[in-house]
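The values are calculated or read from the model by the stated rules, or taken from the named source; none is laboratory data. None of these values were measured; they are calculated from a predicted model. Neighbour counts run over all protein chains shown; Cβ positions are idealised from the backbone, glycine included. Heads up: the accessible areas ignore ligands, DNA and RNA and are worked out on the full protein's heavy atoms, side chains in. Shrake-Rupley method; radii C 1.70, N 1.55, O 1.52, S 1.80 Å.
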Amino acid sequence: MKLLKPTWVNHNGKPIFSVDIHPDGTKFATGGQGQDSGKVVIWNMAPVLKEEDEKNENIPKMLCQMDNHLACVNCVRWSNNGVYLASGGDDKLIMVWKRAAYIGPSTVFGSSSKLTNVEQWRCVSILRSHSGDVMDVAWSPHDAWLASCSVDNTVVIWNAVKFPEILATLKGHSGLVKGLTWDPVGKYIASQADDRSLKVWRTMDWQLETSITKPFDECGGTTHVLRLSWSPDGHYLVSAHAMNNSGPTAQIIERDGWKTNMDFVGHRKAVTVVKFNPKIFKKKQKNGSSTKSSC
């Protein structure tokens with residue numbers, strides 16, 4: 001099967017730095033550079049999945065375009081319940097978007113009148129605390145918290161039930177923090193930075209649980225992002241940009257004792273993003289029943 005990139009998913013030739021699929025699979029968001037600002041676009045998934053829908057002019061491809069960010073958008077993330085979209089950018093801001101009731105077509109500012117927003121998404125909260133570019137944002141498992149990290153070396157935990165309240169500012173990294181991931185059980189949050197460390201923080205008291213450095217000792221050079229990922233069962237944490245025998249790897253960190261005995265090899269250049277499939281697969285036996293969870 002040949003995978004074709006839909007050419008119509010673009011920011012008019014400007015770079016796209018982030019993509020996230022809505023939890024219900026019907027739409028996806030992209031974030032990146034706009035004309036002279038940051039751009040967030042929400043797209044319809046149907047024309048990506050079905051060629052007939054792609055050719056049907058009555059089925060919209062773009063659902064909404066938001067140009068509120070003052071500078072490039074580095075990350076877009078849907079909340080787990082799909083109600084909110086968070087975006088973070090080089091303007092040091094995090095914007096939280098929510099779909100508004102439809103009030104009739106509104107044209108996108110500064111475009112030809114043909115381009116109209118099919119859905120209305122409005123900014124319901126602007127979160128200000130970071131003193132540098134926001135590199136990553138992440139919603140906690142039950143959307144109680146929103147975390148953001150920045151080149152100001154900090155991670156900020158926001159109370160997602162009472163924006164813009166800040167619950168904690170995690171300080172401990174000595175370099176630009178470029179990625180975040182929540183433990184699916186909600187006990188930890190992990191961050192990765194240019195200081196060649198991956199830090200795991202407890203959500204109970206927002207204190208440091210462990211700092212992992214060994215797999216990153218040999219890492220030279222920097223990458224634009226370092227987006228790590230926690231497995232959906234909570235057992236494994238996989239880093240970006242690690243090294244093994246001077247080869248680039250994605251380091252596997254076991255929750256049990258934070259052991260670092262395994263890694264993913266095969267890439268020729270530094271790994272910048274890791275993302276688990278959110279679904280947990282089970283191996284079926286011949287008779288159709290599920291095998292022991294070890295499989």
Quick query: amide H of Val273 versus all other amide H atoms, modeled in the peptide plane; which residues come in under 5 Å with a sequence gap of 5 or more or a different chain? Arg227
Alpha-carbon centroids, the range 8-76 and the range 200-216: separation in whole Å: 34 Å
Ignoring ligands, DNA and RNA, how do Glu54, Glu254 rank by accessible area with a 1.4 Å probe, largest first? Glu54, Glu254
Expected vector for the range 236-247, Karplus 3J(HN,Hα) from phi with 6.51, -1.76, 1.60 and θ = phi - 60°, integer Hz, x for Gly and Pro, equals 10, 10, 10, 8, 8, 6, 10, 9, 9, 6, 6, x
Keeping all protein chains in position, work out how much accessible area Trp230 exposes to a 1.4 Å probe, and write it in Å² to the nearest 10. 10 Å²
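Taking R0 as 25 Å, what's the FRET efficiency between Glu165 and His22 from their Cβ-Cβ distance, rounded to 0.05?
With a Förster radius of 25 Å, E is 0.45.
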Using θ = phi - 60° and the Karplus form 6.51 cos²θ - 1.76 cosθ + 1.60, what ³J(HN,Hα) does each residue of the range 218-233 get, whole Hz, x for Gly and Pro? 7, 5, x, x, 10, 10, 4, 9, 9, 9, 8, 8, 9, 5, x, 8
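Taking 8 Å as the Cα distance limit and 6 or more residues as the minimum spacing, I'd like the relative contact order of the chain as a percentage. Kindly include the intermediate steps, with their values, before the conclusion.
On the way: 733 pairs, mean separation 24.9, N = 295.
Contact order relative to length: 8 percent.
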Sequence of Met95, Met62 from largest to smallest accessible area, 1.4 Å probe: Met62, Met95
Treating only the Cα positions of the range 149-295 as identical point scatterers, give the base-10 log of I(q)/I(0) from the Debye formula at each q in 0.15, 0.18, 0.20 Å⁻¹. -0.77, -1.04, -1.22
Under 19 Å from Lys171, Cα to Cα: lysines that are on another chain or at least 8 residues apart: Lys92, Lys187, Lys199
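Given the rule -39500 (n - 2.57) for each run of at least 4 DSSP H residues, summed and divided by the residues of the chain, what is its mean residue ellipticity at 222 nm, to the nearest 500 deg cm²/dmol?
Details: 2 runs with 9 residues, N = 295.
Roughly -500 deg cm²/dmol at 222 nm, from the helical runs in the chain.
Strictly over 31 Å apart at the Cα level, which of Lys14/Lys282; Lys55/Lys282; Lys162/Lys282; Lys98/Lys275; Lys214/Lys284; Lys5/Lys259 would you flag in this model? Each step should come with its number before you reach the end.
Working: Lys14/Lys282 41 Å; Lys55/Lys282 37 Å; Lys162/Lys282 38 Å; Lys98/Lys275 25 Å; Lys214/Lys284 38 Å; Lys5/Lys259 38 Å.
With Cα atoms farther than 31 Å apart: Lys14/Lys282; Lys55/Lys282; Lys162/Lys282; Lys214/Lys284; Lys5/Lys259.
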If amide hydrogens are placed 1.01 Å from N in the peptide plane, which non-local residues have theirs closer than 5 Å to the one on Tyr84? Ser79
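What does the charge count near Ser87 come to, summing +1 for each Lys or Arg and -1 for each Asp or Glu among other residues with Cβ under 12 Å from its Cβ? Show your work: numbers first, answer last.
Numbers: positive: Lys39, Arg77; negative: Asp20, Asp67, Asp90, Asp91, Asp136.
Net charge in that neighbourhood comes out at -3.
For Val177, what charge total do you get from the other residues with a beta carbon under 13 Å from its beta carbon, if Lys and Arg give +1 and Asp and Glu give -1? Intermediate results must be reported in sequence, preceding the final value.
Working: positive: Lys171, Lys178, Arg196, Lys199, Arg227; negative: Asp133, Asp136, Asp152, Asp194, Asp195.
Once positives and negatives cancel, what remains is 0.
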Ile166, Ile189, reordered so the largest accessible area comes first (probe 1.4 Å): Ile166, Ile189
List the residues, sorted by chain then number, that are 5 or more residues from Ile94 or on another chain and whose placed amide H is less than 5 Å from its amide H. Leu127
Vicinal HN-Hα couplings computed from phi for the range 149-162 (Karplus, 6.51 cos²θ - 1.76 cosθ + 1.60; Hz; Gly/Pro x): 9, 8, 6, 8, 6, 10, 10, 10, 9, 9, 7, 6, 8, 9
Between Lys214 and Ile280, how high is the FRET efficiency from 1/(1 + (r/R0)^6) when r is the Cβ-Cβ distance and R₀ = 25 Å? Nearest 0.05. 0.30
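Determine by what factor the alpha-carbon radius of gyration of the range 1-76 differs from 2.2 N^0.38 Å, reporting the quotient.
Details: Rg = 12.7 Å, N = 76, 2.2 N^0.38 = 11.4 Å.
The reported ratio for this selection is 1.12.
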